[in-house]
Amino acid sequence: MNVSASASQISRNDLTRNNLSISEVPSDKLSEIELTRNKCSMSQASFNDLPININSQAFSSLISSSGFINKLVVNDNKNNLMNGHFFHNELFSGLSIHGGDVVESSDAISSTQLPASLSLNILFHGKVNFCLGNKAYELNAGHAKSTKNSVAATCALSVLATSDLLSRKMTTGQAVKKVNLFVKRAWLEKRCTDVQSKVLLKKLFSNHTALYQWQDNVTFTSLAQKLLDLPTESSLQIDLLKEQMALTLLNELLAILPDKIDQPQPPLTDNKNLWLNKERHQLKKKANIERYIEQELENVITLPAIAKHFALSVSSLQRYFKQTYKLTITEYIRQQRLDKAKIAITIKELSISEAGYQAGYNHVSNFTSAFKKQFGITPANLLKLHQKITQQ
């Protein structure tokens, strides 16, 4: 309760009243802000909906808070990633939108493991270089032709039929103005009941990592510009407007898809544009190691066994783990086991001794000590707290 209150005060009052940027907020408070952002209503979740300097820590936390594995590599040791107006909203409907009018202030690569999904980009200005799976693409707003009465934008729909990697390149000095609508495949298919729509989605998701591109002067640009023009201060009415506009964008997209999905955009073929092989490999290795450890948590896990599984020496594995996670392998495994123990106690109703044994502790006292160090509360007090809430 105290954490939520203090973080909420920092994220809204301090940033607004004192005109602070996120980069000026102490690093120990950033995690509190992100924690509160996840637990509060959508209006509070929009604390980043401000004209600010966006630093690397806040950017990574934002993506990770959406449940995605992410790696950010900044090549020039700068803290700020971009300057300008930026917003990101996880909507009640299950869609998410983000966008802004920014100038990139660092050379960086952001790599994210995404679920099967559709991602609609409406690009008004600048260019965006990215890799989707094993294909490299470039979007360029310079190809869009504006008229006297309307502003043009380059629209692009990317398709992931299954989970895959998206890597986005940022370049110092690059100005980008865009809006993005993201929707998971499972979300679409759950709501798809008529035969015609099912046929459309089946055809659409038959082309993994495809990109479809077109120019637009009215429908998509108008809605995207309205999203960009909404007041930065969040409220129920503004949040509902964003929800409505996002759903309208999706509806308009589905209406034109039959005419757009026969000719996917060819990927870049020049080797100089495939700048993400190393980052892609590193992120996949990270995901594979996490998956392996999660599967083996209930067994005895040794460093030599993990190293052998991934064809690494023990020293290389330890060095890689420390660089990637800022933890030793032993510390990481202990954290994962304690996380599972917390779930076992509060949700699966295992006894404290049983949960401790499953986490690898033969003595309850040792388990209690490690648990309190990790979560700031003993297992018994955590259980009492949750039981008290459920009995109210």
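The values are calculated or read from the model by the stated rules, or taken from the named source; none is laboratory data. Note that this is a predicted model, so its numbers are computed, not measured. No Cβ is skipped: glycine too gets one built from the backbone with ideal geometry, and neighbour counts run over all protein chains shown.
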Could you grab me the full set of residues in the stretch 359-386 that are within 22 Å of Glu294 (Cβ to Cβ) and surrounded by fewer than 17 Cβ atoms within 10 Å (Cβ to Cβ)?
-> Lys373, Gln374, Phe375
Looking at this structure, is Leu327 assigned to a loop (DSSP other than H, G, I, E, B), without any contact (Cβ under 8 Å) to a residue 12 or more places away in the chain and within 27 Å of the chain's Cα centre (by Cα)?
-> yes
Kindly indicate whether any position in the stretch 150-163 is without any contact (Cβ under 8 Å) to a residue 60 or more places away in the chain and β-branched (Val, Ile, Thr).
-> yes
Would it be correct to say that Leu50 is under 19 Å from Ala175 (Cα atoms), at pLDDT below 80, buried (at least 18 other Cβ atoms within 10 Å of the Cβ) and among the hydrophobic types (A, V, I, L, M, F, W, C)?
-> yes
Pairs, first over 18 Å from Thr248 (Cβ atoms) in the stretch 84-95, second part of a strand (DSSP E or B) and of a type in the set (D, E, K, R), C-beta under 9 Å, six or more apart = Gly84/Asp101; Gly84/Lys177; His85/Asp101; Phe86/Asp101
State whether one or more residues within the stretch 175-186 are more than 30 Å from Lys202 (Cβ to Cβ) and not in a strand (DSSP E or B).
-> no
If we take the stretch 58-131, then strands (runs of 3 or more DSSP E) inside it with 2 or more residues that are of a type in the set (Lys, Arg) and surrounded by fewer than 20 Cβ atoms within 10 Å (Cβ to Cβ) are none
Candidate set: the stretch 169-194, residues that are among the charged types (D, E, K, R) and in contact with a Leu (Cβ under 9 Å, 6 or more places away or on another chain); chosen: the one nearest to Phe92 (Cα to Cα) | Lys184
Determine which member of the set Tyr320, Tyr325, Tyr357 is over 27 Å from Ser60 (Cβ atoms) and of a type in the set (Phe, Trp, Tyr).
-> Tyr357
What are the residues in the stretch 210-230 that are more than 14 Å from Asn89 (Cα to Cα) and in a loop (DSSP other than H, G, I, E, B), if any?
-> Ala210, Asn217, Val218
